[in-house]
Every structure is written in structure tokens, then in C-alpha cells.
Amino acid sequence: MIRVVRGPTPKGLKSAAPRRLRKAIESFNKSGAPSAPLNATFVGYGSTATKQVLYSAQHGKCAWCERRTDFSSAPVEHYRPKGGASRHPRNNRPSVVDPAHYWWLAWDWTNLLFACARCNDAAHKANYFPLLPGSATVPAPTAPLPVDGASLPSSNSEQAALLDPAGAVNPLDHLEWAPVDSTQAMRDWTWQVVGRTPRGSATIATRSSGSWRRTCEITQRPDCCRASKK
Ligand SMILES: [Zn+2]
């Protein structure tokens, strides 16, 4: 995972987001969250134009695993999930789910990323969005909400465990690459991502095990300059 700089909100999203959010609020006021009518409003955040901006900003790579990803088959992904947030550690029970989070961020530019289908699937990030121990949880909104969205909650008070590739902190302050077996000759090393901090470890656990690609953020080549040469 490397840092992503999204740039300004794409024009199409900027003009469509208030209208789409208004529809979602109307559905929420009638049917609540989660609900099928609200889920049916989750369209339009991943237009080709919006995805193209993310794709370019991310150098054609998945925000999570950094694998080069086919534009047409990959989704626009939400950092904070739009259809309920799983808070428990992956594979740990009991499940702790906030089912009404974070539908109101479905069209928020700062919540969108380009990701590969694998990272977005149920075996990987899916709806996982754990918080750091002791973090406040933003309360889900309650109906009726004004349709202009003025009273929707801010997520600023939450301390997310999952690193945001486009967030305020550099993911590489929390993650590093280490050889799987440093007793081998260096030319034979393979690499694994490890957490340098609790957020780094939580991010690896949330995205689940599996392949992360180690890619230099400067040259865009794998196995370039970010190795922990121990
Ligand atoms: Zn991926």
C-alpha cells in the first residue's frame, strides 16, 4: 500500500453527489438502514469518469494490494463501507457489526478508492472497518433527516484501525516489507508485508492474508527500494 493523492473531486461526481445523497436520505427516512430501498440508491459513485481519476491517481494499481489491475473489471471501493461496518477482527467471533454505517458516505470523494475485485470481496476487505481500541464510534444518523444532508455525522472523531491510502498519514510509516526467510541468499528472497504499528498490523489483518505486492512508489516497479534489507 502506498500513498494515494486523489486530487480534486471529479466534476461529474461533484454535480451528481448531492442529488444521489438526497435520494438516499429520502429512502432512509422511509425505510431506515439497512434496507433494500436504501441499498437500491447505491449507484453512480463508480462512474467511468470517477474511476478513471482514481485509476490514474493510483497508477493503475489496487489501493490495497498494489497489484496492477484491469480498469474495466475492477470496482470503485469505499474506504468506510456503505452497507454496514464489521468491527470484529477477521475470523474472530462474536461478530460485532454496526449495520447502519456508513451509507451517507457512498458518494463522498474522500471515501472512494480504486481496488481490485479480490481485495473488495468477502474474503478480504469486504465491509471490515475496525476501530482502534478506545476509539469513539460515530453514531449512525436517525430518521427523519433533513434531505439536504446538513445534519449527517462527521467521521472525524473516529480512530480507524484500517489505514487510508489517501489519508493524512503515510501508510509506509505503518507497514514495511521484510524477507520471508533472510537465511537464504538475498537474490532468492521473497517478501512479506509486516506491521510496524498497531494500525499497520490491523490493516494487514483486515485486508486478510494473501498477496500484497511490494512496489516502489517512485519507480512503480516491484522489488525496488522499499525492502527491509536485513
Ligand atoms: Zn487488491
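FYI, it's all coordinate maths here, none of it is from the lab. Note that the structure is predicted; figures quoted are calculated from it, not measured. Heads up, the Cβs are rebuilt from the backbone with ideal geometry, glycines too, and the neighbour counts pull from every protein chain shown.
Each Cα pair under 8 Å and six or more residues apart adds its sequence gap; the mean of these over the residue count of the chain is a relative contact order of 21 percent.
Under a 5 Å amide H cut-off, with hydrogens placed 1.01 Å from N, residue 114 pairs with 63, 77 among residues at least 5 apart or on other chains. Within the chain, the ratio Rg/Rh, alpha carbon atoms throughout and Rh by Kirkwood, equals 0.99.
Using a 10 Å cut-off on Cβ atoms, rank the peptides 9-16, 160-167 from the highest mean neighbour count down. Don't skip to the end; give the middle numbers.
Working: 9-16: 15.4, 160-167: 21.0.
Ranked from most to least packed, the peptides come out as 160-167, 9-16.
Close amide H pairs (under 5 Å, H built 1.01 Å from N) link residue 84 with 101, 102, 103, residues at least 5 positions away or on another chain.
Along segment 144-154 the Karplus relation, 6.51 cos²θ - 1.76 cosθ + 1.60 evaluated at θ = phi - 60°, assigns HN-Hα couplings of x, 9, x, 6, 7, x, 5, 9, 5, x, 8 Hz to successive residues, with x for each Gly and Pro. Principal-axis analysis of the Cα atoms of the chain puts helix 11-31 at an angle of about 60° to the longest axis. Helix 48-57 axis versus longest C-alpha principal axis of the chain: approximately 30°, rounded to the nearest ten.
What number, rounded to the nearest 500 deg cm²/dmol, is the helix-based mean residue ellipticity at 222 nm of the chain, given -39500 (n - 2.57) per DSSP H run of at least four residues and division by all its residues?
Working: 5 runs with 49 residues, N = 230.
It lands at -6000 deg cm²/dmol.
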